[in-house]
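Here the structure is laid out as structure tokens; the discussion comes afterwards.
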Amino acid sequence: MRKNLHSLFVFVLISQFGYAQIGGINTYEFLNLSPSARVSALGANLITVRDDDVNLALANPSLLNPLMHQQISFSHSFHLAGIQHGYVGYGHHAEKWNTTFHGGIQYVNYGEIDARDQQGVIEGQFKVAEYAISMGGAYPINERMTAGANVKMISSQLAGFNSWGIVSDAALIYYDTSKNFTATILFRNMGTQLSTYQEGGETEPLPFEVQLGISKRLKYLPFRFSIIYHHFNRWNILYDDPNAEQGTVFIGDLQTERSPTSIYFDNLFRHFIFNGELLIGKKENFRLRLGYNHFLRRELSLENFRSLAGFTYGFGIKINRFRLDYGRTTFHLAGGVNHLTISTNIKEFKK
């Protein structure tokens, strides 16, 4: 019974993240949660921007660079149903090896959950929490290419049952500073469970994924946009609703079939995330952000009801030595997630 409850909690969490309909079969789905408010505001995915934001290295280690030296960041998001998620990250550049490293801790706390028997009678309460300790580094191959890798040790705790796992990320980024253009390829969450929740249980799959992305900053406008293609390793990410006939749409009493072209383009655009960041000021100390995740919108919008599902937005502002970021992700008419981040550079306190 409690093993089944774990699947339920994972499903609830990833429903809020937007991968619910192709999820539910993987463990450790919390690894795909946005690490910072900036990322949340930009469609919950930002693997294409190479700057001083150390949070970006959690998903794409090839973004690590000397600008992240001694950057430290604290992030926390407030999910529905009292679920709490956060990330703490730190970057360090080693000149001797010409390599930039980072380390961090990602956590999610589901709070206290009612334990019920098969008749639904409450037998007590228990806690559920998951953690990942991440370490990674990046090395420049040449003037325009950097390779990076992460290793993450995972601990998942469910009502006295524990699971341990290890995953890694590998990425390569190409950047042309003269044209303000970047392109990247990322392999996420490659690994395995080291131990299952129950002794002798079957090893569960991890949320492995391949992503591609490009980013471009406009020449005459302080605006940078990114286009990200997720689940490159899996073409069909349409939700197969068991309660509806395959490929049909009901209009009143009339049943019509969706054309193959409609199904093709619906599936195609679910792979894309679009986002943009407006950089305001001489030192770009104020930033406005907007993102659109078509997959999230298609999966979490309610028929005949308008909502902002799939749209994300936020801002960032630097005050003295600190940068404050806010991000809002709208998942459903029922609500969304507010994300806050505060970051600074330790070097600035030594001046």
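Which loop-located chymotrypsin sites (Phe, Trp or Tyr not before Pro) does the range 59-97 contain, where loop means any DSSP state but H, G, I, E or B and the Cβ has at most 10 other Cβ atoms within 10 Å?
Passing sites in the range 59-97 are Trp97.
Could you work out [θ]222 nm for the chain from helices alone, using -39500 (n - 2.57) per DSSP H run of at least four and dividing by all its residues? Round to the nearest 500 deg cm²/dmol.
The per-residue figure over the chain is -3000 deg cm²/dmol.
Which net charge results for the neighbourhood of Glu284, defined as the other residues with beta-carbon distances under 14 angstrom from its beta-carbon, given Lys and Arg at +1 and Asp and Glu at -1?
Around Glu284, the charge tally is +4.
Ignoring any ligand, DNA or RNA, what whole percent of the accessible area of the chain comes from carbon and sulfur when the probe is 1.4 angstrom?
59
How big is the dipole moment of the chain about its Cα centre under a simple scheme where the beta carbon of each Lys and Arg is +1, that of each Asp and Glu is -1, and everything else is neutral? Debye, nearest 20, please.
In debye, rounded to 20, the chain gives about 1880.
Evaluate the charge dipole of the range 302-351 about its Cα centre and quote only its size in Debye, nearest 20, assuming +1 on the Cβ of each Lys and Arg and -1 on the Cβ of each Asp and Glu.
Roughly 480 debye for the range 302-351.
Which one, Val337, Asn142, Asn285, is farthest towards the positive end of the dipole of the chain when Lys and Arg carry +1 and Asp and Glu -1 on their Cβ?
Asn285
Quick check for you: with a 1.4 Å probe and neighbouring chains kept, what is the accessible area per residue of the chain, in Å²?
On a per-residue basis, the chain sits at 50 Å².
Mind pulling the angle between the C-alpha long axis of helix 260-269 and the longest principal axis of the chain? Nearest 10 degrees, somewhere in 0 to 90.
Roughly 40 degrees between the two axes.
Once the Cα atoms of helix 2-17 and of the chain are each reduced to a long axis, what angle between those two axes, in degrees from 0 to 90 to the nearest 10, is obtained?
With rounding to tens, the tilt is 50 degrees.
Which entries of Lys179/Lys282; Lys282/Lys318; Lys179/Lys350 have Cα-Cα distances beyond 23 Å here?
Violating the 23 Å Cα-Cα cut-off are Lys179/Lys350.
Grab the other residues whose beta carbon is less than 11 angstrom from that of Arg38, score K and R as +1, D and E as -1, and report the net.
Result for the neighbourhood of Arg38: -1.
To check you understand DSSP bridge types, tell me what percent of the beta bridges within the range 249-333 (both residues inside) are antiparallel, rounded to 5.
100
The values are calculated or read from the model by the stated rules, or taken from the named source; none is laboratory data. What you see is a predicted model, and the numbers here were worked out from it, not measured in a lab. All Cβ positions, even for glycine, are placed from backbone atoms using ideal geometry, and neighbour counts span all protein chains on display. The accessibility values were calculated without ligands, DNA or RNA, using every heavy atom of the protein model including side chains. Shrake-Rupley method; radii C 1.70, N 1.55, O 1.52, S 1.80 Å.
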